[in-house]
Every structure is written in C-alpha cells, then in structure tokens.
Amino acid sequence: MSASALSQLFPPLGLSLRLADLTLRPLRDEDLPEYAELIRRPIFGPDHPELVFPWYDVPEEQRVAGAITFQWLLRTKVSPEDWILDFGIFTEDRLVGMQCLRAHGWQLRRTVESDSWLTRDEQGRGIGTTMRRAVLLFAFDHLGALRAETSAVAGNGPSCGVSRAVGYRDNGTEVDVQGGRTVQVQRFVLEPDDLRRPAQTLVVDGFTPRLRELLGVGRDDPGAAPAATVLASGRS
C-alpha cells in the first residue's frame, strides 16, 4: 500500500513538518528497520547514568522490541480529547531522533507536552532546538494550543538548555520515579507570546480536514494557519 493510500486510512501518517533542513513526520512501517538500528546507537554518555531513559536502559533486543511495539501502540492513541504524535526527525533523508507532541484533555486544556531524543553523535548541532521549535510552531499556530509544558531530569544541561533557548520558563520541580529510582525533575512552561521564533517559516504538509477533526481542531479555532504555509493535500 502506498504512503498516500495509507494516510487516507490513518491521516497522521500523511502529516509532515519542515523547518530549516529538518523534516518531522510520524514513522511508517517501512521506517521501522531504520528506527530499530537508530535505537541501538548511544543516546547518553557514560558519566550520568541517572539521565538514561528507563526504556533505553534495558538489553538491546528488548529495547528494540519494546520501541517497535510502542510505535504500533501510538496509532491507537489519537482522538479529539487525547492524542500523541511521535515525529521521526529526518535530515538529509536520515532518521536521527524522535520528537513527541501529545495532549491530554485537549478540548478543555489546550495544552501540549513534548519530549524528544537524538542519538549522541547528532547532539550539539542545533538539531534539538530546531525540532522543538517545529512542533511548538505547529502546536501554537496550527493546532491552537494555549500552553506548552515539558520537563527534564535535573542536571540534564542539554535538554534544559534547549527548553530555555526556545523560550520556556522554569515551572518548579517534582520528584518522580523512573526505572526503579527517584529523580528530581525540572518542569518548564511556555505560552505562545514567549516562543522565540526562528527566521525560517514552518511548512506543514498533510494537515487535512480529516486530521484536524481527528485531533479536535475546528475550522474556526485559532489554529487555522495561513494557507501559504499549509499543504492539505498530502505529502509532496
């Protein structure tokens, strides 16, 4: 089945965001072998084991199997009230990481949350900042979000640095349990007027009326983006 035909059946698979030299789009089944190889690669350095994601801190084959199953599970997590969009990050047609955007109680809260990761050899090149800006522009300008939240384990300098660089402000701390251990988590919050926007324009492809309906975004919502930046017919 072609990508176009599949996106007709499940509209999120036709969505893509392009900012600078990055393309963000949900993974299709044909992307999963590359995704499996990606998550075999290092994401974290050896000096800070407390920063390692619990899903990553397992034997390699278990990590791969869990990650593939998670991608399939995400396709059941899209409704007007609660949704998850997990974008693969592509540069020069290479998959280098993932950026998640999700909402809970969307109709009333209009709040999005995000988390992300890049393989270690792709870090420090500005990719993390660009991909975060891409999903925030989509959330505020196209979905009509009124607030964005994120968090990072305290001491994760690069992650906290990306959040502050795009305009988030600190929003307190909490103690969480991750991978059987307690960690202190730094929370962040961002509102539309505080987003530090890039010079480049975000190009959104595949944000069709069917996808808007599925995500609970009405035609009269503040998320109605200028036509010049939206290609609703599908991926080019």
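The values are calculated or read from the model by the stated rules, or taken from the named source; none is laboratory data. Quantities reported herein were computed from a predicted structural model and do not represent experimental measurements. With ideal geometry, Cβ positions are generated from the backbone for all residues, glycine too; neighbour counts draw on all protein chains shown. What goes into the accessible areas is simple: the full protein's heavy atoms, side chains included, and nothing from ligands, DNA or RNA. Shrake-Rupley method; radii C 1.70, N 1.55, O 1.52, S 1.80 Å.
Gain on full extension, evaluated as 0.36 nm per residue between GLU174 and ASP115 minus their Cα-Cα distance, stands at 19.6 nm. Spin-label model, VAL183/ARG197: points 7 Å from Cα along the beta carbon direction are separated by 3.4 nm. Mean projected area of the convex hull spanned by the Cα atoms of the chain, taken over all viewing directions: 12.6 nm². Inter-label distance, GLU81 to LEU9: 2.7 nm, where each label sits 7 Å from its Cα along the C-beta direction. With all protein chains in place and a 1.4 Å probe, the accessible surface of segment 131-185 carries 48 percent carbon and sulfur. Checking every one of the GluC sites (Glu not before Pro) in segment 26-121 against DSSP loop status and a limit of 15 other Cβ atoms within 10 Å picks out GLU81, GLU92.
Counting only heavy atoms of the protein chains, get the accessible area per residue of the chain (1.4 Å probe) and round it to a whole Å² value. Display every interim value, and only then the final one.
On the way: 11460 Å² over 236 residues.
Roughly 49 Å² per residue, with all protein chains present.
Three principal axis extents of segment 1-121 based on alpha-carbon atoms, in descending order, are 42, 35, 31 Å. Rounded is the label for segment 52-175, because the ratio a/c of its alpha-carbon gyration tensor axes (a ≥ b ≥ c) stays below 1.5.
Explain nothing, just the number: dipole magnitude of the chain about its Cα centre with +1 on each Lys and Arg Cβ and -1 on each Asp and Glu Cβ, in debye rounded to the nearest 20. Present the calculation step by step, with values, prior to reporting the outcome.
Numbers: 27 positive and 32 negative charges, 89 e Å.
For the chain, the charge dipole is close to 420 debye.
Working note: 222 nm ellipticity from helices only, DSSP H runs with n ≥ 4, each -39,500 (n - 2.57), summed and divided by the residues of the chain, gives -7000 deg cm²/dmol to the nearest 500. Gain on full extension, evaluated as 0.36 nm per residue between ARG41 and HIS104 minus their Cα-Cα distance, stands at 19.6 nm.
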